[in-house]
1. Please count how many residues of segment 220-266 are in a loop (DSSP other than H, G, I, E, B) and without any contact (Cβ under 8 Å) to a residue 40 or more places away in the chain.
2. Looking only at residues that are open to solvent by less than 40 Å² (accessible area, probe 1.4 Å) and not polar (S, T, N, Q) in segment 181-201, which one is farthest from the chain's Cα centre (by Cα)?
3. Just to be sure I understand, how many residues within segment 8-21 are in a loop (DSSP other than H, G, I, E, B) and either among the β-branched types (Val, Ile, Thr) or open to solvent by 30 Å² or more (accessible area, probe 1.4 Å) (or both)?
4. Output the qualifying pairs, or none if there are none: Cβ atoms under 6 angstrom, residues six or more apart or on different chains, first residue in segment 307-321 and exposed (fewer than 14 other Cβ atoms within 10 Å of the Cβ), second residue in a helix (DSSP H, G or I) and at pLDDT 95 or above.
5. Any idea which residue in segment 150-177 is nearest to GLY137 (Cα to Cα), counting only those that are open to solvent by less than 80 Å² (accessible area, probe 1.4 Å) and among the charged types (D, E, K, R)?
6. Please list, ordered by first then second residue, the pairs with beta carbon atoms under 9 Å, 6 or more apart or interchain, first in segment 59-76 and over 16 Å from LEU163 (Cα atoms), second among the basic types (Lys, Arg) and not in a helix (DSSP H, G or I).
7. Name the residue, out of GLY208, GLY204, that is open to solvent by 50 Å² or more (accessible area, probe 1.4 Å) and closer than 25 Å to CYS109 by Cα.
8. Limited to segment 188-213, what total is found for residues that are closer than 18 Å to GLU45 by Cα and assigned to a loop (DSSP other than H, G, I, E, B)?
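The values are calculated or read from the model by the stated rules, or taken from the named source; none is laboratory data. Predicted model only: the values in this text are computed from it and were never measured. Backbone-built Cβ (ideal geometry, glycine too); neighbour counts: all protein chains shown. Side chains included, ligands, DNA and RNA excluded: accessible areas come from the protein's heavy atoms. Shrake-Rupley method; radii C 1.70, N 1.55, O 1.52, S 1.80 Å.
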Amino acid sequence: MAQTDPFHPVRDLPVGALLTHLARVLPDREALVYPSVRYSFAELEQEARLVARGLMAVGVEPGERVALWATNVPEWVVLQFALAKIGAVLVTVNTSFRAKELDYLLRQCRARTVVTIRGLKKVDYLVELRAVGVLPGGPAAGASGIDVTRAIGIGDAADDPALVPYARLRALADTVTDTALEARSAAVAVDDVINMQYTSGTTGFPKGVMLSSRNIVNNGHALGHAMALTPADRLALCIPLFRCFGCVIGVLGMFTHGGCLCPVERFEAEAVLKTIGRERCTVVHGVPTMFRAMLEVPDFSRHDVSSLRTGIMAGAPCPAPLMRRVIDE
């Protein structure tokens, strides 16, 4: 199917195979856009395959739990598909966690690999990782039942000698053949566990919910269908990717319908408005406080949001007056 042909939304595919399909049928369409980097679907597939081979090179195995602790950086989306291609399980980590919560999650999911940025706001993730024994300088590795054997650093986290730099994955890709990657990918079934997300409901400790490709791809497809998404749509993605709202409804909702992601690395109301205007976004998702913050930006009227046509407000009670303001303004 050529890029000019009508795109038919897809479902019931492994997450890794979804990107391969998009690279074949919409190769030149923009897929992932930041101020600093722009990937078409073909380019994103190439990058995900490169990183997948790098992950194989450092020993990440099928079924292995890989905890990803990062804001909405470009590497997050690449890793979502790279890990899926090799049958590893992406474990999403709340960016607000400290050592106590991190210790529980890593022990409970039995993660073997952690991928991390340096930190967020005043929290240094490397300090927290040392506090739970993942990195040298804290308790002895494995003393608390944590089985992490490798840590990979994104951005300036890669400067710490205890971490494998993310760039090193790309360099090591040459040691693993495309044939080996194809064999690994072919063994990944649509009902294999591919993602773990932590939820606690209203009481008790968080529980790791084991999700298959069928679960999350079809969830994204259903929400995208409800919003009548097409390859012409572009999402201003300001919801954290570690939440289902971000990596499923956001990423997979758009990709099952051939749309483009325009993420904001961390929520700042004006940055979201600028992204909408610069990229002519047609979709924006958020929790009520995010929409309120955007409406209350002092020069809101100067931002061009005329391209918007749909989106989702969720994650907390959504007051009717706020919903009306969002629709009207």
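1. So in segment 220-266, the residues in a loop (DSSP other than H, G, I, E, B) come out as 227-233, 238-243, 256-259, 264-266.
Next, from what is left, pick out any that are without any contact (Cβ under 8 Å) to a residue 40 or more places away in the chain: 259.
Counting residues in segment 220-266 that are in a loop (DSSP other than H, G, I, E, B) and without any contact (Cβ under 8 Å) to a residue 40 or more places away in the chain gives 1.
2. Pass one, segment 181-201, residues open to solvent by less than 40 Å² (accessible area, probe 1.4 Å): 181, 185, 188, 190, 194-197.
The next check asks that each one be not polar (S, T, N, Q); those that pass are 181, 188, 190, 194, 196.
On the way: LEU181: 21, VAL188: 19, VAL190: 19, ILE194: 13, MET196: 12 Å.
Among those residues, the one meeting the criterion is LEU181.
3. So the first thing to find is which residues in segment 8-21 are in a loop (DSSP other than H, G, I, E, B), and the list is 8-14.
Still in the running and either among the β-branched types (Val, Ile, Thr) or open to solvent by 30 Å² or more (accessible area, probe 1.4 Å) (or both): 8-13.
Residues meeting the conditions: 6.
4. Pairs that qualify, where the first residue is exposed (fewer than 14 other Cβ atoms within 10 Å of the Cβ) and the partner is in a helix (DSSP H, G or I) and at pLDDT 95 or above, are ALA316/PRO288.
5. ASP160
6. GLU61/ARG112; GLU64/ARG112; ARG65/ARG110; ARG65/ARG112; THR71/ARG266; ASN72/ARG266
7. Working: GLY208 fails: open to solvent by 50 Å² or more (accessible area, probe 1.4 Å).
Sole residue among the options that is open to solvent by 50 Å² or more (accessible area, probe 1.4 Å) and closer than 25 Å to CYS109 by Cα: GLY204.
8. Of the residues in that region, 1 qualify.
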